[in-house]
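Before any comments, here is the structure.
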């Protein structure tokens, strides 16, 4: 049960405040939160949106969280309230409570608020929120009442409150009607398909399905692939007139270890035949998430070698393709943190550029891996005086992107449209990115 | 086109007001616009309103504009209206008189043609929260609840709740709860239904303290017809409302197993929902429904495993943290189920350390014969981590795994490798672990001592590690060639040793070494005792004095006190008692899980709402933990004074827990006097009644048990002769369930005899006494002056069970008793029986 919403800027200034229930939350909670955040090690300064939830009580509860708060946690306790916070693109959403409530509900809701505001304003930053705070107020008003979440479906909200896009600005100048609120209530608030706009009309009917996969992998000191997993998403962008009923099937659904669906997906057809049957929301949405475990190999290899002797450490990193996936691997990037005991580093690469930032983060941007020769980076690290050998070893975080391939091997079989007699255009794409891809040395 | 308002030239962005002088500026401009009907007025107004609200947002007090804002509010522009509502809602509370001005236009808007405006106006009207305006609320709310547009009805339902918080009597008098109930059961729109549910839950919960009917209604919500009604419509509800319904279902107690399976079948697809909150709420329902069916419960774990793991890896960091906390709880309860998924708990380099910490604990828990090797290999990689606290944690994790496994060969090697890593914090942690390992597996002493002997005590700085090293020097001085000399040099540097813990250990170690190798240690012992006697720290001084006198008295006795033969420790005291864990499990999908403590430890008593029972049991367990949970094997060590090592360590590990109990204590004390408001006369009567009535059955039981209790000789037989089953059995789970289900049938307060108080030093004393009266204890705890017990008893030859919660305050010599019974009619008889048993406590 949320009680109040604040938006703070990166200097701790309140951008926006929205009280939700009769129990008023004082602004001083923001100061407390800000001080608390800054007093934590490793905390990052960000634009902060705080949502405060409090309950009808005012007792003071004091905690010692010194053990738990190593870094800022999503759920923290202040002397008077419990705060939930969510950080998006440098903006932190924060909520607070004084009684028990499902913590995930608060966090999940904050995520939705962030997503919706992000969608409306085309990006989250202090200026856009300040310029459009009336819209943010209106949105919050519809999304939550008396602390209980109501509608969070972007489709529905957009019908109630028009987004401040260029089209509507132009329109308002032309027509002279500058209200961004639609005159009527969305019909679908009463319809049986609550996520869909009532009756959209398109000249060109089209559906795009994207498979977007992220590969998480951990390779340990001995070069062994400790863990390799793919988290994928099926993203759909649908523009179809009327109330379409789509079915999507995969050629090899058995490889999926676990799935979760957008509320629009019917469960029974999936359970019996692994077919996704759904009435899509209008526009872009996430149809499903899936997870594929136990992959045997990674598309590229990264082999770091460190040898240290007499206060000098020699570093050599090789990167190359392992099993050619048939498509080009690009945006390859290797990043690592130099241990604090290193005084200076001199690194050069045969391909791409090496950058060392003042916070000892070293980035090696490779880009596309050349076909003929595996790129390598080598050089020396000078250790602190008195230190013979390196005891702390860096972890290399690797980034890459492969267009046109879903590395899990998942393949879309077909997409059919029922109930609506239109011809429509179908498009499929696939993309694999590195997620948490790390190589230890 | 509208003429641009002149002020916009001065400040380019309306959201960046220049200062406070602007407020009076705004006031003037608003006043000018108030009466104007010129075209374009709305646009100028909109700019002005925007400025006012941005001022309000930044924290500048713009309440002085209230009158002007209200005057400007006559408009048909919906954005203007919304901004005006926002403003009014914010300041009405501080300007109750002016708020009256807004009633008029809000009431008019409540009758607007556009349902959107009706809804907004109604919402704003209810958000004014001015007590003397409630009379204006009833009418619009009543028609709002009957509105033919569902949007207006959803707003009106929440409006009722808002009204209730402003003035409960007005809300009840208007019979709104009854209307809401009707709406809840009949409305087409599920959002209306969901809002009704949440509003009614809140209203009835608050009302139930005063009204029987509200309490009954609230209970009814958990009854079959209601739960089925909601379940049948579950797919129509919005995801948030689904969470609400799941909470309700989790409290429902199905009558038989087929019902449980029906519910689970219906809800199974909710586990695949994209919203993590729904998944977790479903998980809670599943876990709670199957508590009584061990095998199905097991299957539920298997079923929920995959969805939860998916949520962890695909959600944002914040979501994964919340899920991980819950997963942590489940892993701790059933580690074997997750043992094949150990790779999910491997830490990623850039995860925040609180996540890593959770994962390390889970890795420790799931380690078994088949995966230990991989897990320990992984943990050893973290030991070289840049993040020092995590490196420490992972070494500790290795140690914990070593302590819980039988096959420790490989792990001991790893630990000893840590000692050779030459990083001071790694060495420190490893030393502490080797010490614990040796206490459990003395057979490894040869290998460990060889490595430990190579460590120079000068390189070890941390008190805990130093203490561990010194303990090993003392304990294994016969095997470590230079132990006496190392100790001697440590004694020489006595003054430089700042930690009292280390000095205490040094004293003991020198003593032990003396008994093993007297000629070499005698000098060091003398120096240590002298230094100890001169020490400013009380404990060190006392221990030195104690040793000194002990040696003076008899050296062989001293040896048997300080250095007796030891048994290996079989189990180290757990940091968190299982009762606390169960309690947290009962509060699944709540903050308790994230904080890893039951709600009673962090929410205060009066606002705990529906979880009345959940607070009670945990209270005890924490106290019990500090009391008597030390394992017998450890007792042996107590003689050795080495308990100090283990207790200090226990405290450290248990940090969050002990904080909680430290906090809890005052609130608990506070609650006792407040509850003793029962009239004293009543008390006196009941205590005399007790001695007069109950002894007869009490004696019967004594005879039954063959115990020789020469107690009270009263003869009046109690009217309904109640005998208890001396061998009643009840498992904690059933106890909890019953406690939750049954109403309190009796709540009384007794005085205790001074003798009883005197004998109540530990909870155990009373337990044994009550057991002799066929009243069994299921949980107990506390420290002087407050003790708390949960008892149960069973009627002889009948299944009827009595449950008792008993709080004893020894300083006021009062006990408060709450009795719940299967058979309500006999609870009075049981109460007298209980009372008599209690009154006999402490009598010879």
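The values are calculated or read from the model by the stated rules, or taken from the named source; none is laboratory data. In this text the structure is predicted, and so the values were computed from the model without any measurement. With ideal geometry, Cβ positions are generated from the backbone for all residues, glycine too; neighbour counts draw on all protein chains shown.
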Review point. In this structure, is residue B:147 under 19 Å from residue B:180 (Cα atoms), in a loop (DSSP other than H, G, I, E, B), more than 10 Å from chain A (Cβ to nearest Cβ) and at pLDDT 80 or above?
Key: yes
**Study point:** Checking residue A:273 against (1) touching a helix residue (DSSP H, G or I) at 6+ places or on another chain (Cβ under 8 Å); (2) surrounded by fewer than 18 Cβ atoms within 10 Å (Cβ to Cβ), the condition it does not meet
**Key:** (1)
**Study point:** Candidates B:385, B:371, B:350, filtered to the one that is within 13 Å of another protein chain (Cβ to nearest Cβ), in contact with a helix residue (DSSP H, G or I) (Cβ under 6 Å, 6 or more places away or on another chain) and surrounded by fewer than 19 Cβ atoms within 10 Å (Cβ to Cβ)
**Key:** B:371
Practice item. Return a yes/no flag: does segment B:423-436 have any residue that is on the phi < 0 side of the Ramachandran plot, surrounded by fewer than 17 Cβ atoms within 10 Å (Cβ to Cβ) and away from chain A (no Cβ under 12 Å). Key: no
Check your understanding: Can you find even one residue in segment A:118-141 that is within 10 Å of chain B (Cβ to nearest Cβ), touching a residue at least 60 places away in the same chain (Cβ under 8 Å) and over 21 Å from residue B:49 (Cα atoms)?
Key -> no
Review point. Hey, any hits in segment B:286-301 for a residue that's assigned to a helix (DSSP H, G or I) and either at positive phi or within 12 Å of chain A (Cβ to nearest Cβ) (or both)?
Key: no
Check your understanding: Could you say which residue among B:107, B:113 is out of contact with any strand residue (DSSP E or B) (no Cβ under 9 Å at 6 or more places or on another chain) and within 14 Å of chain A (Cβ to nearest Cβ)?
Key -> B:113
Point to revise | Test: residue in segment B:257-272 that is touching a helix residue (DSSP H, G or I) at 6+ places or on another chain (Cβ under 8 Å) and not in a helix (DSSP H, G or I) | key: no
Exercise for review: Quick one: count up the residues across segment B:152-169 that are modelled with pLDDT under 85 and under 21 Å from residue A:156 (Cα atoms).
Suggested key: 0
Revision key, fill the gap. Residue B:161: passes all of (1) touching a residue at least 40 places away in the same chain (Cβ under 8 Å); (2) outside any helix (DSSP H, G or I) but (2)
Study note, to complete from the structure: Being within 14 Å of another protein chain (Cβ to nearest Cβ), at negative phi and touching a helix residue (DSSP H, G or I) at 6+ places or on another chain (Cβ under 7 Å) narrows A:292, A:279, A:302 down to just A:292
**Study point:** Pick from segment A:226-244, criterion away from chain B (no Cβ under 11 Å) and touching a strand residue (DSSP E or B) at 6+ places or on another chain (Cβ under 8 Å), ranking: farthest from residue A:431 (Cα to Cα)
**Key:** A:244
Revision key, fill the gap. Among (1) buried (at least 21 other Cβ atoms within 10 Å of the Cβ); (2) within 11 Å of chain A (Cβ to nearest Cβ), residue B:137 falls short only on (2)
Point to revise | Selection status of residue B:317, surrounded by fewer than 22 Cβ atoms within 10 Å (Cβ to Cβ), in contact with a strand residue (DSSP E or B) (Cβ under 9 Å, 6 or more places away or on another chain) and touching a residue at least 24 places away in the same chain (Cβ under 8 Å) | key: yes
Study note, to complete from the structure: Of the conditions (1) touching a strand residue (DSSP E or B) at 6+ places or on another chain (Cβ under 9 Å); (2) crowded, with 21+ Cβ neighbours inside 10 Å, the single one that residue B:342 does not satisfy is (1)
Check your understanding: For segment A:306-336, how many residues are at pLDDT below 85 and within 14 Å of chain B (Cβ to nearest Cβ)?
Key -> 1
Check your understanding: If we only count helices (runs of 4 or more DSSP H) wholly inside segment B:26-113, which ones have 3 or more residues that are closer than 18 Å to residue A:136 by Cα?
Key -> B:41-58, B:78-91
Study note, to complete from the structure: Within segment A:336-351, residues under 28 Å from the mean Cα position of the chain (by Cα) and part of a loop (DSSP other than H, G, I, E, B) come out as A:338
Exercise for review: Report whether or not residue A:385 is closer than 20 Å to residue A:436 by Cβ, at pLDDT below 90 and in contact with a strand residue (DSSP E or B) (Cβ under 9 Å, 6 or more places away or on another chain).
Suggested key: no
Point to revise | Criterion: in a strand (DSSP E or B) and without any contact (Cβ under 8 Å) to a residue 12 or more places away in the chain - qualifying residue of A:355, A:316, A:289, A:333 | key: A:355
